[in-house]
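K.L.:
Take a look at the following structure, please.
The values are calculated or read from the model by the stated rules, or taken from the named source; none is laboratory data. This structure is a prediction, so every number in the text was calculated from the model and none was measured. Positions of Cβ are generated from backbone atoms using ideal geometry, with glycine treated the same way; all protein chains shown enter the neighbour counts. Side chains included, ligands, DNA and RNA excluded: accessible areas come from the protein's heavy atoms. Shrake-Rupley method; radii C 1.70, N 1.55, O 1.52, S 1.80 Å.
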Amino acid sequence: GFLALLVLLFGGLALLKRIDRFWILARRAAGHDQRQGVLGRVFATTAVIGTVGFTFWLLFIGGLGSTLAPR
């Protein structure tokens, strides 16, 4: 299962990278000065939102809530 997850993740990333390169080429062909794709910004935004959400869940809903404020 873990190996399948890794294959799917890296396969998905490879596909997204190809789509991002195509996006850059299409924008350049349309006359826009497109030097970078959008994949890096999407990944960074998703990582920040996921980190904040996981930290909130860990501290207040699940995991560490009972050890920080024992009853």
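K.L.:
Show the residue pairs that are 6+ apart or on different chains and have beta-carbon atoms under 9 Å apart, the first residue being within the range 4-26 and under 12 Å from Val38 (Cβ atoms), the second being open to solvent by 90 Å² or more (accessible area, probe 1.4 Å) and charged (D, E, K, R).
P.N.:
Ile24/Arg35
K.L.:
Okay, moving on. Tell me whether the range 1-13 contains one or more residues that are open to solvent by 80 Å² or more (accessible area, probe 1.4 Å), of a type outside the set (Lys, Arg), at pLDDT 90 or above and outside any helix (DSSP H, G or I).
P.N.:
In the first step, residues of the range 1-13 are kept if they are open to solvent by 80 Å² or more (accessible area, probe 1.4 Å); the result is 1-3, 5, 7-10, 13.
Still in the list and also of a type outside the set (Lys, Arg): 1-3, 5, 7-10, 13.
Now restrict to residues that are at pLDDT 90 or above: 1-3, 5, 7-10, 13.
Keeping just the survivors that are outside any helix (DSSP H, G or I) gives 1.
Yes, because at least one residue in the range 1-13 is open to solvent by 80 Å² or more (accessible area, probe 1.4 Å), of a type outside the set (Lys, Arg), at pLDDT 90 or above and outside any helix (DSSP H, G or I).
K.L.:
Provide a single number: the residues in the range 23-57 that are surrounded by 12 or more Cβ atoms within 10 Å (Cβ to Cβ) and either modelled with pLDDT of 95 or more or in a loop (DSSP other than H, G, I, E, B) (or both).
P.N.:
3
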